Amino acid sequence: MPTTKKKYNLPKGYSLLEATLKTKEFLKNPVTFIAKSMAHFGSTEYTAILGYNSKVILTKNPNFISYVLKDNNRNYEKSDFVSGRARDFLGNGLVFNNGADWLKQRRLIQPAFHRQKLKGLYGIVIQTIKEFLKTAPTGEVDVFPLVNELSFNVLINSLFDLSFSPEIKAELSQLLIDIQAFLVKDVNHPFGRLLYPFTGTERTIVKKSARLRAILLDIINDRKASTKEYCDVLDMLLNSRYEDTGEPMSEDRLIDELLVLVFAGHETTGTSLSWQLYLLANNPDVKSKLMASFEDMTIENCLNNEYFKATINEGMRLYPAAWVTERIALADDEFGDYSYPKGTLVVPFFYGLHRDENLWENATAFQPERFLKDGTLIRSKQFFPFGAGPRMCIGNHFALAEMHFFLYAFLKEFKLEATDQVPEMTPLLTLRPDKILLRISRLERRII
């Protein structure tokens, strides 16, 4: 008997031809394109057909996002469309891993990022920030590269409590920048891969990836040979053991995980902090209220400041560093009135969700009070600054602590003012600004 082809009810969207014709517009600014497309189809989601049996559903529906990331997460994993290529150059760390192997690694590494464990790193983070701010430039400054460099230093010092030569630190940073730039271009222009054998582009990145791993291996070997006691993430990971075997990670797996932590950690935090400074400079009332809340509060206990927490949340709502993510369905599934086949890529559009006028009053306004009730921070089911579910960012507590410590120290040391420049969003792997020009001057009376 002939089989009947199963029918699905996907959201309205673009046909293969329409999606192909709109590729250039999408690549020019995917954030704007996705937002316009949702408005065009009058829905919180739409479908794009990208090829034979290749379907993508983009959504800003918080319930749909929760369903995919949390409620039915077992039916979804990271797709090879993005993660597969990243694994080729950055290894099979947590961000790119899937299935039982991902779960095994997550269980092994998670204890190192428990809040109590992280408190041991706070001294390193605070000292790195204070040292960095001593030589911070003043005048009209593009704060994005500045804060990105600081975030890299914080992460490197916290991962490896070592004294790196400026040359090695600069090389590490540049290698990561080069690999990320390649991955963004590679994923957005997959047909360009046909030219790699002639241009040598991929061979160059493979060599840079090998160099990156060699640097980390040298660090690991030096640590294993040392008799000194350390309090850093590398030490925690070296001392971690698998539950079933009692064995530590192999060197290759350890390098994979360290690469992911460096790759995913420094730019997301640096990007978020850059947008936070922009928002504070352009909203002096919020900045004044925040600074007033610092009275009689030290940098060590600023993590307990509820208005501070709400301010950072509001900044991440408006400019989520992870502006989008993706999951691929492992089996046919349905949500609400929609049904879709195995292999469908579901793309949560956090930027659109966080600015949805139907969910947020005065959605584009910078209003930290929306995250407070009776002076206490409240949770929102439509706010996903670090993802959700089992794959929520493992370093979320560390990132929040770093943001608190930096903003506290910066505002205590510097006067911050806006300029006429309006940043352009550059949505790559994170929601980068092209630049953020602010006026910065040192306060006469330093308080920290």
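The values are calculated or read from the model by the stated rules, or taken from the named source; none is laboratory data. What you see is a predicted model, and the numbers here were worked out from it, not measured in a lab. Cβ atoms come from the backbone with ideal geometry, glycine included; neighbour counts cover every protein chain shown.
Restricted to segment 1-89, the set of helices (runs of 4 or more DSSP H) holding at least 3 residues that are buried (at least 18 other Cβ atoms within 10 Å of the Cβ) comprises 30-41, 62-66. Confirm whether LEU162 is among the hydrophobic types (A, V, I, L, M, F, W, C), surrounded by fewer than 20 Cβ atoms within 10 Å (Cβ to Cβ) and in contact with a Lys or Arg (Cβ under 9 Å, 6 or more places away or on another chain). Yes: the conditions hold for LEU162. Collect the residues in segment 232-257 that are free of Cβ contacts under 8 Å to residues at least 40 places away in the same chain and of a type in the set (Val, Ile, Thr), keeping them in residue-number order. Once the filter is applied, which keeps residues that are free of Cβ contacts under 8 Å to residues at least 40 places away in the same chain and of a type in the set (Val, Ile, Thr), segment 232-257 yields only THR245. Among the conditions (1) at pLDDT 95 or above; (2) under 25 Å from LYS415 (Cα atoms), the only one that GLU295 does not satisfy is (1).
Counting only residues that are closer than 23 Å to ASN301 by Cα and free of Cβ contacts under 8 Å to residues at least 40 places away in the same chain, which one in segment 117-156 is nearest to the chain's Cα centre (by Cα)? If you could, list the steps in order and put the result at the bottom.
Residues of segment 117-156 that are closer than 23 Å to ASN301 by Cα, as a first pass: 117-134, 147, 150-151, 153-155.
Okay, now just the ones that are also free of Cβ contacts under 8 Å to residues at least 40 places away in the same chain, so 119, 123, 127-128, 131-132, 134, 153.
Details: LYS119: 21, GLY123: 23, GLN127: 24, THR128: 21, GLU131: 25, PHE132: 23, LYS134: 27, ASN153: 17 Å.
Across segment 117-156, the extreme among qualifying residues is ASN153.
Within segment 87-129, being of a type in the set (Phe, Trp, Tyr) and in contact with a Ser or Thr (Cβ under 6 Å, 6 or more places away or on another chain) holds for PHE89, PHE96. Taken together, the residues in segment 205-240 that are more than 27 Å from the chain's Cα centre (by Cα), among the basic types (Lys, Arg) and surrounded by 11 or more Cβ atoms within 10 Å (Cβ to Cβ) amount to 1. Being surrounded by fewer than 16 Cβ atoms within 10 Å (Cβ to Cβ) and free of Cβ contacts under 8 Å to residues at least 24 places away in the same chain is true of ASP296.
Okay, residues lined up against (1) at pLDDT below 90; (2) farther than 25 Å from SER250 by Cα:
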{"residue": "TYR196", "(1), (2)": "yes, yes"}
{"residue": "ILE205", "(1), (2)": "no, no"}
{"residue": "SER209", "(1), (2)": "no, no"}
{"residue": "ARG213", "(1), (2)": "no, no"}
{"residue": "ILE219", "(1), (2)": "no, no"}
{"residue": "LYS228", "(1), (2)": "yes, no"}
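When LYS381 is tested against (1) among the basic types (Lys, Arg); (2) touching an Asp or Glu at 6+ places or on another chain (Cβ under 9 Å); (3) touching a residue at least 24 places away in the same chain (Cβ under 8 Å), only condition (2) is not met. Looking for whichever is over 23 Å from PRO427 (Cα atoms), among the acidic types (Asp, Glu) and either over 21 Å from the mean Cα position of the chain (by Cα) or assigned to a helix (DSSP H, G or I) (or both) here; the options are ASP161, ASP186, ASP178. Which one fits? On inspection, the qualifying residue turns out to be ASP161. Taken together, the residues in segment 182-224 that are aliphatic (A, V, I, L, M), touching a residue at least 12 places away in the same chain (Cβ under 8 Å) and under 20 Å from PHE81 (Cα atoms) amount to 5. Taking the criterion of being touching a strand residue (DSSP E or B) at 6+ places or on another chain (Cβ under 9 Å) and surrounded by fewer than 20 Cβ atoms within 10 Å (Cβ to Cβ), the residues of segment 377-388 that qualify are ILE378, GLY387.
Test TYR338 against the stated conditions and say whether it is of a type in the set (Phe, Trp, Tyr) and within 24 Å of LEU438 (Cβ to Cβ). Judged against the criteria, TYR338 is not a match.
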